[in-house]
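Worksheet: one structure, shown below.
The values are calculated or read from the model by the stated rules, or taken from the named source; none is laboratory data. Computed from a predicted model, the values in this text were never measured in an experiment. Heads up, the Cβs are rebuilt from the backbone with ideal geometry, glycines too, and the neighbour counts pull from every protein chain shown.
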Amino acid sequence: MMVRPTISVIVATYNAQHDIERAIHSVLAQTYSEFELIVVDDCSSDQTVSVVKRISDDRIKCYLNSSNDGPSYSRNRAIGLAQGKWIAILDADDWWDPQRLEVLLDTALEHQVQIVCDNLHLIRDGEDKPFTSYLQSRESVIGTIPDGYLVDALKMIQEDYGYLKPFISSDFVRDKQVSYAGEQRVGEDFRFLLECLLAGGQMVIITTPYYYYTIRMGSLSNQSNAGKLFQVQLRQIDQLTLRYRDRSDVVVALAKYRLKKQAALTHQQFRQELQEGKLIQSFVRMTREPRLIRSLLRVLYYKVMRKTNKQVGLK
């Protein structure tokens, strides 16, 4: 009789042949070994599946989608297949510190919560060392939070922890019937975590990072495509506002959150217009939004600094 694993690690893959081996080996190297690793591939056109199947370990289970349905669908499918008491999410192009599962499990049991998230090491694509952590990058907005920080739904909206990767009770997810928004292909983590908290879940954040998060050039994590992500987030906020319209505190928090995302989208569009030389459009936008003058000054400052550095031989 097969013993039920304590943890189900879920990896949704799509054309990840260059990264998936590193991700899987970071799971296999965990100090806590009572887990299953569920890989759901979303019709990759490269060698992702072959790479996964070459790795010999009985804890790895690989499933193939019949059509390309996106990461939310793949994660929901994996959650439905999961045997573990806990579920841990890993993106195919990221990896873990060897102690991650052990620390997150201990934290969940110690605090008696349904969700634990750790800080993230942020790494630029092609590099192997972090340039900062997620929480450190957010200090100017949310300040410094203590270890074991308890997050409720309102804090989730106000302080925006949507990039964090959850370690979550599988019984809670099933009992509350929470799932990833199937149609959503980006920004799905924020919505999933928020709906878990709105369903009564308690979440604790560990300030030490055990998760290595890759910021890819050309991906939605990159500034050049940030506008698409902001637009998706705005639609998501509108959907959540409609769904939870009976929760006045949530509606108010979401309205403030929407204003921040709309402002971020406007700033991003303005910077992109400047970079593309669309001076008339950027000038018109600036006259409507005087706060954008600060963005213009920032762009000019960095251009001057880059030019100065080149002149003195700095890279």
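Data table
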{"quantity": "Helices (runs of 4 or more DSSP H) (entirely within region 1-86) containing at least 2 residues that are basic (K, R) and closer than 28 Å to F172 by Cα", "calculated": "71-81"}
{"quantity": "Test result for E110, free of Cβ contacts under 8 Å to residues at least 40 places away in the same chain and part of a helix (DSSP H, G or I)", "calculated": "yes"}
{"quantity": "Condition met for L105 (within 22 Å of A23 (Cα to Cα) and in the same structural domain as V11 (by TED's automatic domain parsing))", "calculated": "yes"}
{"quantity": "Condition broken by D246, with the remaining ones in (1) at pLDDT 95 or above; (2) assigned to a helix (DSSP H, G or I); (3) surrounded by fewer than 20 Cβ atoms within 10 Å (Cβ to Cβ) satisfied", "calculated": "(2)"}
{"quantity": "Flag for R100 being within 14 Å of L164 (Cα to Cα), surrounded by fewer than 19 Cβ atoms within 10 Å (Cβ to Cβ) and assigned by TED's automatic domain parsing to the domain that holds T31", "calculated": "no"}
{"quantity": "Failed item in (1) of a type outside the set (S, T, N, Q); (2) over 30 Å from L150 (Cβ atoms); (3) surrounded by 15 or more Cβ atoms within 10 Å (Cβ to Cβ), with R54 passing the rest", "calculated": "(3)"}
{"quantity": "Test: residue in region 26-49 that is among the small types (G, A, S), assigned by TED's automatic domain parsing to the domain that holds Y163, over 20 Å from Y213 (Cβ atoms) and over 22 Å from the mean Cα position of the chain (by Cα)", "calculated": "yes"}
{"quantity": "Within region 1-25, tally of residues that are over 12 Å from D91 (Cα atoms) and either crowded, with 18+ Cβ neighbours inside 10 Å or of a type in the set (A, V, I, L, M) (or both)", "calculated": "6"}
{"quantity": "Odd one out for F192, checked against (1) of a type outside the set (A, V, I, L, M); (2) crowded, with 18+ Cβ neighbours inside 10 Å; (3) not in a helix (DSSP H, G or I)", "calculated": "(3)"}
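A quick yes/no check of all residues on (1) in contact with an Asp or Glu (Cβ under 9 Å, 6 or more places away or on another chain); (2) at pLDDT 95 or above; (3) over 24 Å from V11 (Cβ atoms):
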position: S140; (1), (2), (3): no, no, yes
position: D147; (1), (2), (3): no, yes, yes
position: Y163; (1), (2), (3): yes, no, no
position: D171; (1), (2), (3): no, yes, no
position: C196; (1), (2), (3): no, yes, no
position: P209; (1), (2), (3): yes, yes, no
position: I215; (1), (2), (3): yes, no, no
position: F230; (1), (2), (3): no, no, yes
